[in-house]
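Have a look at the structure below, then the notes.
Read-outs: derived from the displayed coordinates by stated rules, not from any lab. Note that the coordinates shown come from a computational prediction; the quantities given were computed from them, not determined experimentally. As a convention, Cβ positions derive from the backbone with ideal geometry for all residues, glycine included, and neighbour counts pool all protein chains shown.
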Amino acid sequence: MHLPESLQDLADSEAVHFLRKPKSIARILEGIFSLIVFSSLLTDGYQNKTESPQLHCVLNSNSVACSFAVGAGFTAFLSCLTFLALDAQESRIASTRFRTAFQLLDFILDDIPGLSGDPGPPK
């Protein structure tokens, strides 16, 4: 393992260049945000009612909504970590078929939900 001898060596390192890319910064921020959403729903999404010791979901008392929200937050966090790791290894991926599949999955998970737009007010 090579330790940098000066701050200039550290600034010129491959890891710092990777972490300064806008794509890497966005993935790190997405991971932090999804972890906050996941953990807040997991800790504060279920509460006891005074007459019952059983936990109830605070989202309209719908346990499916809480389960879905916790699952979506956890899945978002894992996908951020996975894509960050794949971004770090992108230059080493030799298979164009795998690289194309990786980029297509990245597009589907990141861009398609944003393109759906606002459905508008209910009628």
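Annotation: peptides 27-38, 44-55, ranked by per-residue average of other Cβ atoms within 10 Å with the highest first, follow the order 27-38, 44-55. Judged by the mean number of other Cβ atoms found within 10 Å, the most tightly packed of the peptides 100-109, 77-86 leads the ranking 77-86, 100-109. When you work out D = kT/(6 pi eta Rh) for region 22-93 at 37 °C and 0.692 mPa s, using the Kirkwood radius from C-alpha pairs as Rh and the Stokes-Einstein form, the result is 239 µm²/s. Extending 7 Å from the Cα toward the beta-carbon at both Glu14 and Leu35 defines two label points whose distance is 2.5 nm.
The calculated FRET efficiency for the pair Phe68 and Leu105, based on their C-beta separation and a Förster distance of 22 Å, comes to about 0.55.
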